[in-house]
Each structure stands twice: as structure tokens, then as C-alpha cells.
Amino acid sequence: MADTRHTKVLIIGSGPAGYTAGVYASRAMLQPILVQGIEPGGQLTTTTEVENWPGDTEVQGPDLMVRMQDHAKAMGCEIIGDIIVSLDTSVRPFVATGDSGTTYTADAVILATGARAKWLGLPSEDAYKGFGVSACATCDGFFYRGQEIVVIGGGNTAVEEALFLTNFASKVTLIHRRDSLRAEKILQERLFKNPKIETLWFHQLEDVLGEDNPKGVTGVRVKHVETGAITEIPCKGVFVAIGHAPANELVKDVLELHNGGYVTVKPGSTETSIPGIFAAGDLTDHKYRQAVTSAGMGCMAALDAERFLAEHQE
């Protein structure tokens, strides 16, 4: 028989935003339930070294997430390995259904489902993720000091990543399948003026080249989209920068969204367009997308939920 669980605060997602919300909601004696979702720990579990988490000069992404999980649990947050497949926001308490068959009812919900980098879907791209293939320059650019790297894409994300990577790399090749960029003009001007950046037009990534002992990228194979000519470019890093997709499947038809699917929150808060539903982290943040900013928003969401519940006590 399927269980029904009630909680004052249901936290959906288990990255830095979710676990931090769990810590703060627990300290507020709200006895939260956190449902981890399809990728416990979120995007940081696919990162190796993390060097921008305050207090840790260097920490492994998966280790950091285990520590966050343990912290939330120690504070009293109940953590459940389930996946929320539907969320009914039209009734109060809100009703969430888990893949396990469990029904969760909640007086307030904190959405911390994050975002996923868009990938090209190449087997070789997948094979070298974390070993030279990345979707986050601010996470991994530091590891390519003095190296040649390539960036795939033509929008704001790609240009921003390419410009940032010039702080470390000896050369950055931006590969784009068209002959013009979609990025803002001011970003394009900076890109074209930068002597470290070379732009390769009308090309698409065909394969990531690498070796397995030690595992790492050695280059890329690209194809001219018009002539079909193949070119190999030596490099140590490949940054796929074709955008991020917020994991908004539960709420895309009910909450107000912005910038292609990110959940809209009121300025200076985590309140969404439905009272009692709060959003934190990469699900709502298309601009910063950092672990530390996500954690900060998780704190805000828990405090916002605490205030909301205090105001709506029957």
C-alpha cells in the first residue's frame, strides 16, 4: 500500500540549494523532508576538483555534496531517495507524487531541482566528461593554465566562457556552426579584440579525441558544415557551451518562467508566482550558476518558507 507523508516543508532537489534549505528549515524546527531526485547531489557530483567553495582550497565535488547531505541530516532533515514525478500546486496542502508511489503533502514547497548543461550527445563527449570535457568554465578553467582549449557554441554562454578561459589558456578556439554569433554585440566586440581567441566558422564538433592512460583529451575532430571537410585541432580541454536547461518539468505549466524556462522569483526573495512555493539555485538563476550562490538561495528559501508558514498558521 502506498504511503502518504505530510511535512511542513517539502524540499525537492539535492544540490547545494536543496541541502542548505534542509539545514535552515531543520534549524527552524520545520522538520523538512528532502527528496533527492534523479541525481542526488546535483551537478557537483559530475565535477572533480572544486576550488571556489569558501573554506576549502580544494575539495572533490562528490565529497562536498556528501558533506552537505550529512550536515542536513545531522540537523534533522529527513532525506529520501525518491524522484518527484508530479506536483499539484492547485490544492493546499500541496501534493507531490514520488516515483516510489509515495504521496507527499506539504504546507510549503522549496524547488531546488537545478539545471542541466545541454550537451551535443556524442559518445566521445560523454566518455571524457570530467577528463577534459566540461560545461563550466568557472568550475574547470583553472586546470588549463597554459593549455590550448576549444569552446563549442555561439551564444552569450559560449562567448562569456571563451573570454573567461583566456585568463588561463594559451589559446582558445571558438567553434561555431554558422558564420555569425548570437551573443550580445558588446561580448562579440570583446571576443574579436582578444588576441588569444580564434574563431572557426561553419564547423561542428564530430568527435572528442583522447587517451586513456592517463585519461584525458588530446584534441577534437570538427567537420565543415558545407563542404564536409574534416579538421583535427589539438587541445587539452573542450568546453561545450550551448546553454543550460533548467529542470522545470514539475512546474513549467503552472509557475511564471523567464529566460527560456527558469522559474521567476520576486526580487530579493525566493517567492514564486504561487504563494507557498519557493525556488532556489540553478532552477531560477540563469546568471551566476555557482554552488555558493545556490547555497545562499537555499538559505533564503528556507527562511522565506518559515516566514510564510508563520503567517499562515491556522
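Tabulated values for the structure
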{"quantity": "Qualifying residue in the stretch 84-91 (condition: of a type in the set (D, E), over 30 Å from K129 (Cα atoms) and open to solvent by 50 Å² or more (accessible area, probe 1.4 Å))", "calculated": "yes"}
{"quantity": "Residue ID - most open to solvent (accessible area, probe 1.4 Å), chosen from residues in the stretch 1-59 that are β-branched (V, I, T), outside any loop (DSSP other than H, G, I, E, B) and farther than 17 Å from G101 by Cα", "calculated": "T46"}
{"quantity": "E314 out of contact with any Lys or Arg (no Cβ under 6 Å at 6 or more places or on another chain), acidic (D, E) and modelled with pLDDT of 95 or more", "calculated": "no"}
{"quantity": "Test: residue in the stretch 156-165 that is touching a helix residue (DSSP H, G or I) at 6+ places or on another chain (Cβ under 9 Å), among the β-branched types (V, I, T) and open to solvent by less than 10 Å² (accessible area, probe 1.4 Å)", "calculated": "yes"}
{"quantity": "Verdict on E184 being modelled with pLDDT under 95 and either touching a Ser or Thr at 6+ places or on another chain (Cβ under 9 Å) or not aliphatic (A, V, I, L, M) (or both)", "calculated": "yes"}
{"quantity": "Enumeration of residues in the stretch 274-314 that are among the hydrophobic types (A, V, I, L, M, F, W, C), in a loop (DSSP other than H, G, I, E, B) and crowded, with 19+ Cβ neighbours inside 10 Å", "calculated": "A280"}
{"quantity": "Checklist (1) closer than 30 Å to Q188 by Cα; (2) under 20 Å from the mean Cα position of the chain (by Cα); (3) in a strand (DSSP E or B) applied to I149, failing item", "calculated": "(2)"}
{"quantity": "The stretch 68-83: number of residues that are open to solvent by 40 Å² or more (accessible area, probe 1.4 Å) and either in contact with a helix residue (DSSP H, G or I) (Cβ under 9 Å, 6 or more places away or on another chain) or under 20 Å from A28 (Cβ atoms) (or both)", "calculated": "8"}
{"quantity": "Qualifying positions in the stretch 104-122 - open to solvent by 40 Å² or more (accessible area, probe 1.4 Å) and either at pLDDT 95 or above or part of a strand (DSSP E or B) (or both)", "calculated": "D107, T113, R116"}
{"quantity": "Residues within the stretch 250-273 that are assigned to a loop (DSSP other than H, G, I, E, B) and either in contact with a strand residue (DSSP E or B) (Cβ under 7 Å, 6 or more places away or on another chain) or basic (K, R) (or both), tallied", "calculated": "10"}
{"quantity": "Selection within the stretch 259-273 - over 24 Å from C139 (Cβ atoms), surrounded by fewer than 16 Cβ atoms within 10 Å (Cβ to Cβ) and in contact (Cβ under 8 Å) with a residue 24 or more places away in the chain", "calculated": "S269"}
{"quantity": "Complete set of residues in the stretch 205-249 that are assigned to a loop (DSSP other than H, G, I, E, B), open to solvent by less than 40 Å² (accessible area, probe 1.4 Å) and either out of contact with any Leu (no Cβ under 7 Å at 6 or more places or on another chain) or of a type in the set (A, V, I, L, M) (or both)", "calculated": "G228, C235, A241, G243, A247"}
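The values are calculated or read from the model by the stated rules, or taken from the named source; none is laboratory data. All figures in this text were calculated on a predicted structure; none of them were measured in a lab. Because the Cβ atoms are built from the backbone with ideal geometry, glycine has one as well, and the counts that use them run over all protein chains shown. All accessible areas refer to the heavy atoms of the entire protein, side chains included, with ligands and DNA or RNA removed. Shrake-Rupley method; radii C 1.70, N 1.55, O 1.52, S 1.80 Å.
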